[in-house]
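For reference, the structure is listed below as structure tokens.
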Amino acid sequence: MASQQDQTVIDDLFDRIEEVARNSAPRDRDAEAQIQQRLRDFPPAPYYLAQTVVAQEQALREAQTRIAELEGKQRARGPWDNVGEDRPGRGGQGGFLAGAAQTALGVAGGMMLINAFGGLFGSAQAAESEATAEQDQPADDGDSGGDDFGDGGFDMGGDF
């Protein structure tokens, strides 16, 4: 049985969703068909989607509060000083809300992994473009900033 707090959070979420639905443009039929198919493939999805939304809303509220605090005063401490601070709603409670935090971590971790891979591929492409541009430049008598062995394997220094 869900706690009273869990029931309130779930009811509030679905009340907001119903309000959005009443005030929104018609839904995209193709997207809705795909969503319905995915729900048939994985029936527990609405539970985890609701947890994700609740956790993201809480994180957004915390971020907005923090931004307001930082805009209102000069910060004298480093970010490492906040480690271990208690935050409301993050206690040892079980149920829907506790699972929401874990679900959000999984979603956020997946997004961070995707962004990291995107950054790696983007960096590799940028380095390749830069190397191509350097090869197209005429050689001069000074240090070009490239590697010192001519094979692209090691850079002894150069341009700092």
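Read the figures in this text as sums done on the coordinates, not as results from a lab. Everything quoted here is computed from the prediction, not taken from an experiment. So basically every Cβ, Gly included, is an ideal-geometry build from the backbone, and we count neighbours across all protein chains shown.
From least to most packed, judged by other beta carbons within 10 angstrom and beginning with the fewest, Asp30, Asp6 follow the order Asp30, Asp6. Close amide H pairs (under 5 Å, H built 1.01 Å from N) link Ser3 with Phe96, residues at least 5 positions away or on another chain. For Val53, Val9, Val20, the sequence from fewest to most other C-beta atoms within 10 Å is Val20, Val53, Val9.
In order along the range 27-36, the phi-based Karplus estimate (6.51 cos²θ - 1.76 cosθ + 1.60, θ = phi - 60°) of 3J(HN,Hα) comes to 6, 6, 5, 5, 5, 5, 4, 5, 4, 4 Hz; Gly and Pro are listed as x.
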